[in-house]
Structure formats: C-alpha cells, structure tokens
Amino acid sequence: MKYPELNTMAKRERQTKDLRCNTCGKEGTLAWTENENPMHAGGMIDPQVSTLSKGFILGPDSRRDSLPPVECGDCGTSVG
Ligand SMILES: [Zn+2]
C-alpha cells in the first residue's frame, strides 16, 4: 500500500507585482516565489526573486519574511 506524499515541505507559490516609478514613470514587473503557507515554514515567506524588469534594482534590505525592496535603477526612487 502506498501512502500519499506528505506535505513535509512548504509549497512555493509564484507571485508577480507591477512596478511603476513615480519619479520617471518607468514601468516593469517583479516576479518571485514564496512559501504558500508560511505557517509551515516558521512564518517565513522566504521570497526568491525570479524576474525583475531591466532598469530596476533590488534594495539591500533582503529579509526572509518579506519581499525585498525594489528601486528604480535610474533615479533611485523606491517602487515597493
Ligand atoms: Zn525612476
């Protein structure tokens, strides 16, 4: 008899967010994966950025319980 696979690892969920710089008007997209059920991962969504549109940069303040900040690569404005 086979047991169904137990959900021992948190499932990953893909998310996207539209980015827009309020200063220069540049638009882009941020895509990342995060834990679908943070309760099973110690409350950490553990975001892993997979795609960031050209012209935007990730801020240095990377944390496992929230999405890293994104800045406009041209003017340095925080976009999220
Ligand atoms: Zn900008």
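Close amide-amide hydrogen proximity is noted between V79 and V70, E71, C72, each under 5 Å apart and 5 or more residues distant or on a separate chain (H modeled in the peptide plane; Pro and chain starts excluded).
According to the square roots a ≥ b ≥ c of the eigenvalues of the Cα gyration tensor, what is the shape class of the range 12-72, taking rounded for a/c under 1.5, prolate for a/b larger than b/c otherwise, and oblate for the remainder?
prolate
Electrostatic tally near T77: other residues with Cβ closer than 11 Å to its Cβ, Lys and Arg +1, Asp and Glu -1, net 0.
For a paramagnetic label modelled on D74 (point 7 Å from Cα along Cα→Cβ), amide N atoms under 15 Å away belong, within the range 15-55, to 19-29, 53-55.
Under the simplified labelling scheme, the L58-T16 pair shows an inter-label distance of 1.9 nm, with each label point 7 Å from Cα along Cα→Cβ.
Taking 8 Å as the Cα distance limit and 6 or more residues as the minimum spacing, I'd like the relative contact order of the range 12-72 as a percentage. Mind showing how you got there, number by number?
Numbers: 112 pairs, mean separation 16.1, N = 61.
So the answer I get is 26 percent.
Checking Cβ-Cβ separations below 4.7 Å across the chain identifies C24, C75 as cysteines lacking any candidate disulfide partner. Between amide H atoms placed 1.01 Å from N, distances below 5 Å from F56 occur with G73, all of them 5 or more places distant or on a separate chain. Each Lys or Arg adds one and each Asp or Glu takes one away; over the other residues whose Cβ falls under 14 Å from the Cβ of R20, this sums to -2.
Values in this text are rule-based calculations from the coordinates and carry no lab data. Every value quoted in this text rests on a predicted model; they were computed, and no experiment measured them. Because the Cβ atoms are built from the backbone with ideal geometry, glycine has one as well, and the counts that use them run over all protein chains shown.
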